[in-house]
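Everything below concerns the one structure shown next.
Where a number appears in this text, it was derived from the coordinates with a stated rule and is not lab data. Bear in mind that the values here come from a model prediction, so they are computed numbers and not experimental data. No Cβ is skipped: glycine too gets one built from the backbone with ideal geometry, and neighbour counts run over all protein chains shown.
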Amino acid sequence: MSGIAPFDTALRPMLEAGRAPLIGGGGRLTIGLSADQQRRLIDAAHSMAPVAGLTHNFYRYPARFSPQVARAAIETLSEPGDIVADSFVGGGTSLVEALASGRHAIGSDISTLAVFVARVKTTLLDADRLQIVERWAERTATAINMRDEAPPFEDWAEAGYLRHLDHRDRWRIRKALAQAVGWVPSGDQALEDLARCIVLRTAQWALDGRRTIPSLAEFKANLVSSAKAATAGLTSLAAAAGDDPANILILNRSAVGLETDPCLSGCLAERKPRLILTSPPYPGVHVLYHRWQVDGRKETRAPFWIANTLDGAGGSYYTMGDRKRPDLPVYFETLAAAQKSLAAISDPDTTIVQIVAFSKPDSQLKRYNEAAAAAGLEELRLDLLRDEGDGRLWREVPNRKWYNGTRPATPASNEVVLFYRLAR
Ligand SMILES: C[S@@+](CC[C@H](N)C(=O)[O-])C[C@H]1O[C@@H](n2cnc3c(N)ncnc32)[C@H](O)[C@@H]1O
């Protein structure tokens, strides 16, 4: 790339030894990781492996992280026992990887659905309780019957959470869902939530973006296989987390003002996160975080009904503003405030990793970095990438198609992994 000094051969031995200086060639601040550690991050970012393992597939949270990238960032930029924070936690990929690698973690999200999913994915249950849930799913699959009554869920229906599910192609799935949700175990919150999450996963598979609705027999088989996958996932997560698992704290709140949250002030006064690994909504990119699409573009809020949580205030609530204004003022104002909060919960040893996609990368990445700089954050680069493109770690996201595949992929199917720390 023009204007960038060629790779300094004197730097290589220091990089190999993990003693890279913090100012690299070309005047850019570099991250200070060994060449092996940088390669680990780059390889993880370029991996096209599908999302798998641990509890990652409990729910297909839109625009979720690659677990490989999350794991590589956690292992290269923090130590066991450190705190990892994610203030736009979504489906909790970062928390699952933190727990599996012995790091404490703090997550927060404005969406109750995100908090529900992230909590279920990181709540370890012993083998007896897992078996109870698996048996519940088998009994439920056997008991679902179109000739029997289903609980009416009148309040949810009146509030619009079941809209678009009564269509002649979907009423069977709706009734099966109502029976399954009506029969979730009660009295043990963690078991109830896991059972709800299993129904959620099956319902997403059955309804979201589907052209052909599955048969009742397929629905029942998926409910049972989802339960088995969930218990296997939690079992492998518990094994990875070890006998003394790390602590996970998840808050339902905005990233803005996180530093003032009474639940965090005690723990953050003692110790700051070593790593903030997060992914705010993407500027100008419409991602349906909170709903599913049935019948083409018709949206259903059913995921909130199944999770027993309340929806927020419409699409722009979850995407930080209205896309109709081309200059995205609400997005960039909220981002600037969120970056300040990330700076406020950091100390000089904290690395902040942000993974973002853009509808207009050229102009939006510049504004994105201006918001970070105004919050007192400086961008760091990987020395190994200094001769490539703009010197940043870009990645192509496999199978990412917005609008659940009903539109062609947009430039947002490429995302960038950005590194920052407090300006010195
Ligand atoms: C790109 S997603 C995060 C996905 C996540 N990395 C994962 O692996 O699942 C962005 C998230 O930001 C949340 N969000 C939007 N505005 C927020 C705000 N002001 N504060 C906290 N979370 C917010 C959305 O609800 C959404 O879950």
Residue hits (the stretch 212-252; buried (at least 17 other Cβ atoms within 10 Å of the Cβ) and basic (Lys, Arg)) are 220
If we ask which residues in the stretch 338-385 are in a loop (DSSP other than H, G, I, E, B) and closer than 25 Å to residue 321 by Cα, their number turns out to be 6
Given (1) away from the ligand (no atom under 16 Å from the Cβ); (2) buried (at least 17 other Cβ atoms within 10 Å of the Cβ); (3) within 24 Å of the chain's Cα centre (by Cα), residue 183 misses just (3)
Just to be sure before I move on: is residue 165 in a loop (DSSP other than H, G, I, E, B), under 30 Å from residue 232 (Cβ atoms) and hydrophobic (A, V, I, L, M, F, W, C) in the structure I sent? yes
Kindly check whether there is at least one residue in the stretch 249-262 that is touching a Leu at 6+ places or on another chain (Cβ under 6 Å), within 16 Å of the ligand (Cβ to nearest atom) and not acidic (Asp, Glu).
-> no
Only unsatisfied item for residue 134, checking (1) farther than 23 Å from residue 231 by Cα; (2) in contact with a helix residue (DSSP H, G or I) (Cβ under 6 Å, 6 or more places away or on another chain); (3) not basic (Lys, Arg), is (1)
Of (1) touching a residue at least 12 places away in the same chain (Cβ under 8 Å); (2) surrounded by fewer than 12 Cβ atoms within 10 Å (Cβ to Cβ), residue 168 fails just (1)
Those residues of the stretch 253-277 that are exposed (fewer than 15 other Cβ atoms within 10 Å of the Cβ), in contact (Cβ under 8 Å) with a residue 24 or more places away in the chain and either over 23 Å from residue 352 (Cβ atoms) or not basic (Lys, Arg) (or both) come to a total of 1
Does residue 160 satisfy the condition of being loosely packed, with under 13 Cβ neighbours inside 10 Å, part of a loop (DSSP other than H, G, I, E, B) and in contact (Cβ under 8 Å) with a residue 40 or more places away in the chain? yes
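A quick yes/no check of all residues on (1) touching an Asp or Glu at 6+ places or on another chain (Cβ under 7 Å); (2) away from the ligand (no atom under 11 Å from the Cβ); (3) under 20 Å from residue 254 (Cα atoms):
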| residue | (1), (2), (3) |
| --- | --- |
| 289 | no, no, yes |
| 299 | no, yes, no |
| 303 | no, yes, no |
| 310 | no, yes, yes |
| 325 | no, yes, no |
| 330 | yes, no, yes |
| 335 | no, no, yes |
| 340 | no, yes, yes |
Filtering helices (runs of 4 or more DSSP H) wholly in the stretch 47-143 for at least 2 residues that are within 12 Å of the ligand (Cβ to nearest atom) and crowded, with 23+ Cβ neighbours inside 10 Å gives 67-77, 93-100, 112-122
In the stretch 186-201, anything surrounded by 17 or more Cβ atoms within 10 Å (Cβ to Cβ) and aliphatic (A, V, I, L, M) is listed as 191, 194, 195, 198, 199, 200
Filtering the stretch 309-337 down to residues that are in a helix (DSSP H, G or I) and either without any contact (Cβ under 8 Å) to a residue 24 or more places away in the chain or among the β-branched types (Val, Ile, Thr) (or both) yields 316, 319, 329, 330, 333, 334
Matching residues in the stretch 237-248 (within 16 Å of the ligand (Cβ to nearest atom) and part of a helix (DSSP H, G or I)) number 1
